[in-house]
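As structure tokens, the structure follows; a few thoughts come after it.
Every number here is computed from the coordinates shown, using simple stated rules; none is lab data. All values derive from a computational prediction rather than experimental measurement. Because the Cβ atoms are built from the backbone with ideal geometry, glycine has one as well, and the counts that use them run over all protein chains shown.
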Amino acid sequence: MTPTPILLSLLAFAAAAGVLTITPGLDTAMVLRSAASKGPRAGVGAALGICLGLLVWGVGAAFGLTALLAASTVAFTAVKWAGAAYLVFLGVKLLLAKPSAASAMSSALAADANIDRGAASALRRGFLSNILNPKVGVFYVTFLPQFIPHGVSVAAFSLLLAGVHVALTLIWFSLLIALTAPLGRILTQRPVARALDRLTGCVFLGFGLKLAMFEHA
């Protein structure tokens, strides 16, 4: 049986989006850091926040809202600088953070007391890091149309492609979180946690500066 154009488009998009998803970047660093420092729930929170941001951009692309952002220099610049400032803020905060050494019992008590707050904070950071990054919107505006076959509803198929991307992202992040969980005791030790914070802080700073230098097309 010959695959239909719709199926071929979906398979081609899934392959391209899958490669982009597993390419290390800001989102990967955020999920890994959240899972390593606060536990799997925080990692899941960060992953859900990132995917929620992707979904918002995907809906915007489907209905032409992100195209307006891409076409407006003023709006694009405002979102760009807000996103860059937020990433730099997160980077500096991590570089200045001072993980405290604690006994196993006090660490467990602290984790139990702050687990929900940590997950909620990670979700918020993940969402804001994506929704304040206009490059994600531009990516959807320029990337999705390449995989929309003739004769289908552009809005509906764009939403479908965005959903596929979000699903692939969730699967990848779930794998990362699962791989991080067995190393929890090592990653929460003070020297390791400090090194991880510095590394992630530098990543956030780098992406913040990169976003600030990104020019509107």
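So the values come out like this:
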quantity	calculated
Helix runs (DSSP H) in the chain reaching 30 Å along axis by Cα, Kyte-Doolittle at least 1.0	40-62, 73-96, 154-180
Helix-only [θ]222 nm of the chain, DSSP H runs n ≥ 4, -39500 (n - 2.57) each, per residue, nearest 500	-27500 deg cm²/dmol
Using distinct alpha-carbon pairs, which all enter the 1/r mean, Kirkwood radius of the chain in Å	18.4 Å
For the chain, with +1 on Lys and Arg beta carbons and -1 on Asp and Glu, the positive-most of Leu160, Leu175, Thr21 along the dipole	Leu175
